[in-house]
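Here's the structure, in structure tokens; my notes come after.
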Amino acid sequence: MLKDNIRSIRKSKGLTQEELAIKLNVVRQTISKWEQGLSVPDAEMLITLSEVLDTPVSTLLGEKVSESKVDDLKAISEKLEIINLQLSQRKKERRKIVHWLLISLCIIVIIIFISLILLNSLYLNWDYSKIENAVLGVAFHSIEWLFIRILPIIFIGLIIGIFLTKKKD
């Protein structure tokens, strides 16, 4: 077990818990907890611990390094296959989310475009002799003009995105 390995390797190197703690930049209680099995070092600390003790991580973990056997390779390939399936599933889920997000954005763009057409630029009937109305009118007109000019490009991009993220079987 890890706790026994840490203790025995530390002692074989002639280090006290305090000395090992100083080398790892942790408190002595941390080493004590590891050796009692109350906590375990994280992956990064485990690597640092192996470097300080000049011992492979596999030895700290209690594994014996042996030649690859057919069963080991088969187990590794099965694990890799499971990982690949999980990654493939995540990619499909992300593609589906992006696809529906693009469809939603298309609908929103269409609604905004129809609203602008139906509203028919209500600000054009304002009394522009008041400076506040003139400033707001120009701002609304600029936004509307820019949106109407850019909207077809955005809409085409969204449609292309929908086709690119379409489910492939």
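The values are calculated or read from the model by the stated rules, or taken from the named source; none is laboratory data. What you see is a predicted model, and the numbers here were worked out from it, not measured in a lab. Positions of Cβ are backbone-derived with ideal geometry, glycine not excepted, and every protein chain shown enters the neighbour counts.
Right, Val98: among the β-branched types (Val, Ile, Thr) and more than 35 Å from the chain's Cα centre (by Cα) or not? Let's see the steps before the verdict.
Details: among the β-branched types (Val, Ile, Thr): yes; more than 35 Å from the chain's Cα centre (by Cα): no.
No; evaluated as a whole, the condition is false for this residue.
Assess whether Ser115 counts as being free of Cβ contacts under 8 Å to residues at least 12 places away in the same chain, under 23 Å from Ile153 (Cα atoms) and of a type in the set (Gly, Ala, Ser). Quick ask: steps written out before the conclusion?
Details: free of Cβ contacts under 8 Å to residues at least 12 places away in the same chain: yes; under 23 Å from Ile153 (Cα atoms): yes; of a type in the set (Gly, Ala, Ser): yes.
Here the answer is yes, as Ser115 does meet what is asked.
For region 113-141, how many residues are assigned to a loop (DSSP other than H, G, I, E, B), exposed (fewer than 11 other Cβ atoms within 10 Å of the Cβ) and among the hydroxyl-bearing types (Ser, Thr, Tyr)? Full working, then the answer.
Residues of region 113-141 that are assigned to a loop (DSSP other than H, G, I, E, B), as a first pass: 120-121, 126-130.
Then drop every residue that is not exposed (fewer than 11 other Cβ atoms within 10 Å of the Cβ), which leaves 120, 127, 129.
Pick out the ones that are also among the hydroxyl-bearing types (Ser, Thr, Tyr) and you get 129.
Result for region 113-141: 1.
If you go through region 40-50, how many residues are loosely packed, with under 12 Cβ neighbours inside 10 Å and not hydrophobic (A, V, I, L, M, F, W, C)?
Narrowing region 40-50 to residues loosely packed, with under 12 Cβ neighbours inside 10 Å: 42-44.
If we keep only those that are not hydrophobic (A, V, I, L, M, F, W, C) as well, we get 42, 44.
Residues in region 40-50 being loosely packed, with under 12 Cβ neighbours inside 10 Å and not hydrophobic (A, V, I, L, M, F, W, C): 2 in total.
Would you say Ile83 is modelled with pLDDT under 90, β-branched (Val, Ile, Thr) and over 24 Å from Phe155 (Cβ atoms)?
Numbers: modelled with pLDDT under 90: yes; β-branched (Val, Ile, Thr): yes; over 24 Å from Phe155 (Cβ atoms): yes.
When the stated conditions are applied, Ile83 passes them.
Assess whether Glu63 counts as being surrounded by 10 or more Cβ atoms within 10 Å (Cβ to Cβ), of a type outside the set (A, V, I, L, M) and at pLDDT 85 or above. Full working, then the answer.
Numbers: surrounded by 10 or more Cβ atoms within 10 Å (Cβ to Cβ): yes; of a type outside the set (A, V, I, L, M): yes; at pLDDT 85 or above: no.
The answer is no for Glu63.
For a quick check of your reading: which helices (runs of 4 or more DSSP H) sit entirely within region 1-103 and have at least 1 residues that are of a type in the set (Gly, Ala, Ser), without any contact (Cβ under 8 Å) to a residue 40 or more places away in the chain and in contact with a Lys or Arg (Cβ under 7 Å, 6 or more places away or on another chain)?
Passing ranges, in order: 17-24.
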